[in-house]
Amino acid sequence: MRACHNPIAESPGAEGSLGFTNVAGGRWAGRLWANQLCGGMLGLTVLLAMPTFVRAESPASPPSERFTLMPGGEAVKDTKTGLIWEQSPDSFHGVWSEAASHCLEKTVGSLRGWRIPTVQELSSLIDTTQRDPALPQGHPFSNIKSATYWTATPSATDDIVAYQVSFFTGEVATDQKSQTRRAWCVLGGIDKPAAR
């Protein structure tokens, strides 16, 4: 079994003792810790409570004001972050390296230049008061699988691990890049959208 790591150490400036709000709305406080089960026969991952990625329980503005359908209805602009998301992610299910090329090659409406979001970007969609999917009420997205989606964020301490976000629970975790996950592609932020 490989040595495990504490992901709190991977978050620059993260403190080991914080308070955060759970799905039920209660306050938890205490020492944050997490270990990844590295190389277990089932490849299990322990879900993490990570201070950098904890989201507010509800968006700053109501979902109807937060999300705007782009012309053609195939993409959605998040006015809170400025990011553009696929309105309906496709059925892709692959390993981490395949997810990046899958997004880069796709065209949604007339938009190209899609990419895998960072863990901060993808987790910005999470509403911790919701489950299955953990998205704000009234969101305009369809075909959102209550599954786990890859992010572009690799582990800072383990080169075979990357971050993922569960849209069943809204939790952030890490897993080996060789596992298969879904991809929800994004425009904006790091890269600017390119017209076809």
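Where a number appears in this text, it was derived from the coordinates with a stated rule and is not lab data. Keep in mind that this is a model prediction, so the values were computed, not measured. Heads up, the Cβs are rebuilt from the backbone with ideal geometry, glycines too, and the neighbour counts pull from every protein chain shown.
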At 0.36 nm per residue, minus the direct Cα-Cα distance, what do residue 69 and residue 180 gain on full extension? Give it in nm, one decimal, please. 37.0 nm
With a sphere of radius 13 Å drawn around the Cβ of residue 65, what net charge do the other residues whose Cβ falls strictly inside it have (Lys, Arg +1; Asp, Glu -1)? +2
Would you please state the base-10 log of I(q)/I(0) at q = 0.16, 0.17 1/Å for the range 104-145, with intensities from the Debye formula using one equal scatterer on every alpha carbon? -0.56, -0.62
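Quick one: grab the alpha carbon gyration tensor of the range 56-195, order the square roots of its eigenvalues as a ≥ b ≥ c, and give me rounded if a/c is under 1.5, else prolate or oblate depending on whether a/b is larger than b/c.
oblate
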Mind checking the full-extension length gain between residue 112 and residue 159? Use 0.36 nm per residue of separation minus the Cα-Cα distance, one decimal, nm. 14.0 nm
Net charge, residue 81 excluded, C-beta distance under 11 Å - Lys, Arg +1, Asp, Glu -1: +1
Amide H of residue 155: which non-local residues (sequence gap of 5 or more, or other chain) have their own amide H closer than 5 Å, using H built in the peptide plane? 161, 162, 163
